[in-house]
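For reference, the structure discussed in these notes is given below.
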Amino acid sequence: MNLPEICLFRNRQFCPPAAATIDAINRSFKSINVLIWQVVRKRCGVMNDFISLTLQAAGVVLAADFAAGLVHWIEDAYIREDTPWLGRWIGRPNIVHHHLPRRMTRNTWWESNKELLMAMGALVIAAGWLGCLTWHVWLGCLTWHVWLFALVGGNANEVHKWSHRTRRENGRFITLLQDWRILQTPQHHTMHHTNPKEVHYCPVTNALNPVLDALRFWEVLEWLLEHVVGLKRQPDSSVPGQGIPPEWIAEMRRAG
């Protein structure tokens, strides 16, 4: 090894400018490494947060879809025109929908969703009153999860209505969401209106219905209700062999 190399690497006291330069370079590399690590950690943290929030949001949407499907199943299986309290309010529109599915596309947003919107309003109020000592606690109970659940659940029948409209009626944006399988597709919902109309109750997405139907979830619930409390599924006059449609349905058909 020549003298300059010895001076540079072994005996820095005889060549302080070179030693100082090397120290500066080392510190620079260390600073760059620390900076890169901080950036990577920050980006990974942001990505992890994004993935976590996305999964939470998806879970909330599926929960709202399931809740809407549960309400839909109860209406289809047990509420009829002569059902006390609920017959005229829920039973009659449901009969119309099974006999004349496209008729719901004439409804306004409020007409389509008012029952679910009231239920979601009650949910938000209940969530708020879980902590009512201070405004801070009250607002803390109303997390974005509750608001998202209420938003999706309250508009579930609007998404249901979109499943009965044509692509032209829905417009490009809704049609795109259906094509991307973010919202339930008309083809998927058609299965619910295929006799005997006992499957595909969830109206918001395509995700839950195949799973619930494969597990025979609704069938098991109906069996339990019949054998535990004696509540039997009611006949659906829109299904051949299950009764005669009301006369007012025939009049609606004639009127178009």
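The values are calculated or read from the model by the stated rules, or taken from the named source; none is laboratory data. Just so we're clear, the structure is a prediction, and the values are computed from it rather than from any experiment. Cβ sites come from the backbone with ideal geometry, for glycine too, and all protein chains shown count toward neighbours. Ligands, DNA and RNA are stripped out before the accessible areas are found, and what is left, the full protein with its side chains, is counted by its heavy atoms. Shrake-Rupley method; radii C 1.70, N 1.55, O 1.52, S 1.80 Å.
Things worth noting here:
- Residue match in the stretch 138-153 (condition: at pLDDT 95 or above, open to solvent by 20 Å² or more (accessible area, probe 1.4 Å) and closer than 25 Å to residue 256 by Cβ): no
- Listing of helices (runs of 4 or more DSSP H) fully contained in the stretch 138-189 that carry 1 or more residues being farther than 19 Å from residue 208 by Cβ and hydroxyl-bearing (Ser, Thr, Tyr): 167-179
- Residue ID - farthest from residue 77 (Cα to Cα), chosen from residues in the stretch 223-252 that are small (Gly, Ala, Ser) and part of a loop (DSSP other than H, G, I, E, B): 241
- Here residue 178 does not fit the description of being open to solvent by 30 Å² or more (accessible area, probe 1.4 Å) and either under 29 Å from the mean Cα position of the chain (by Cα) or free of Cβ contacts under 8 Å to residues at least 12 places away in the same chain (or both).
- The listed residues are 86, 70, 62, 55, and the only one of them that is open to solvent by 20 Å² or more (accessible area, probe 1.4 Å), more than 15 Å from residue 157 (Cβ to Cβ), among the hydrophobic types (A, V, I, L, M, F, W, C) and at pLDDT 95 or above turns out to be 62.
- Filter result for residue 192 (free of Cβ contacts under 8 Å to residues at least 24 places away in the same chain, buried (at least 17 other Cβ atoms within 10 Å of the Cβ), within 19 Å of residue 170 (Cβ to Cβ) and not hydroxyl-bearing (Ser, Thr, Tyr)): yes
- Residue list for the stretch 87-131, restricted to those being among the small types (Gly, Ala, Ser) and not in a helix (DSSP H, G or I): 131
- If the condition is being over 17 Å from residue 193 (Cβ atoms) and either buried (at least 16 other Cβ atoms within 10 Å of the Cβ) or among the acidic types (Asp, Glu) (or both), then the stretch 89-106 contributes 90, 91, 92.
- With respect to (1) in a helix (DSSP H, G or I); (2) modelled with pLDDT of 90 or more, the lone exception for residue 38 is condition (2).
- Qualifying residue in the stretch 201-222 (condition: buried (at least 16 other Cβ atoms within 10 Å of the Cβ), free of Cβ contacts under 8 Å to residues at least 24 places away in the same chain and either among the basic types (Lys, Arg) or not in a loop (DSSP other than H, G, I, E, B) (or both)): yes
- No other residue among 183, 221, 208, 177 is of a type in the set (A, V, I, L, M) and touching an Asp or Glu at 6+ places or on another chain (Cβ under 9 Å) apart from 208.
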